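The structure appears below as structure tokens.
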Amino acid sequence: MTTTPELRRELRTALALKRHLDASTARLGDGVPERLRAARERALSVQKREASGVIALAGARGSVGIDWFWRVAPVIILVVGLFGIGMWHEARQAEENLEIDTRLLLDEVPPNAYLDKGFGAWLSRQGQ
């Protein structure tokens, strides 16, 4: 494995830091390193307990919420889509009825003529 000059510099710095920390630890009073080690272990155990609790909560509640959403979302989308299509169809039908009513009121043809099947066919051909 080849080392770059940057990597060699970092390794030298890490070794110098380690030597400095080891020398500083040796100068500490009696029992201080042991107390520091015990405090570190207590802090790590508390952190592990809290982390496991958070993970358990996320696993228990988070996945249920996500699963529920992905199971229900397609149904909600379908219902909203069908409702939208129904509303659009009703609006279009209302516009067509309005147009027919307007033509009936503005035209000079009697309303009974529109009931004749032949007249309806003639209107269809005229519209094309």
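The values are calculated or read from the model by the stated rules, or taken from the named source; none is laboratory data. Everything numeric in this text was worked out from a predicted model, so none of it was measured. Every residue, glycine as well, gets a Cβ built from its backbone with ideal geometry; the counts of neighbours run over all protein chains shown.
Could you tell me which residue of the range 112-128 is nearest to the chain's Cα centre (by Cα), considering only residues that are modelled with pLDDT of 70 or more and exposed (fewer than 10 other Cβ atoms within 10 Å of the Cβ)?
Ser124
Quick check on the range 36-61: of everything there that is of a type in the set (A, V, I, L, M) and either touching a strand residue (DSSP E or B) at 6+ places or on another chain (Cβ under 7 Å) or at pLDDT 80 or above (or both), which residue is farthest from Leu21 (Cα to Cα)?
Step by step, filter the range 36-61, then rank; the result is Val46.
Given the structure, is Gln93 among the polar types (S, T, N, Q) and at pLDDT 90 or above?
Yes.
Do we find that Thr3 is at pLDDT below 90 and surrounded by 10 or more Cβ atoms within 10 Å (Cβ to Cβ) in this structure?
When the stated conditions are applied, Thr3 passes them.
Would you say Val64 is at pLDDT 75 or above and either aliphatic (A, V, I, L, M) or surrounded by fewer than 10 Cβ atoms within 10 Å (Cβ to Cβ) (or both)?
For Val64, the condition - at pLDDT 75 or above and either aliphatic (A, V, I, L, M) or surrounded by fewer than 10 Cβ atoms within 10 Å (Cβ to Cβ) (or both) - is not met.
Taking the range 10-44, which residues are part of a helix (DSSP H, G or I) and charged (D, E, K, R)?
Glu10, Arg12, Lys18, Arg19, Asp22, Arg27, Glu34, Arg35, Arg37, Arg40, Glu41, Arg42
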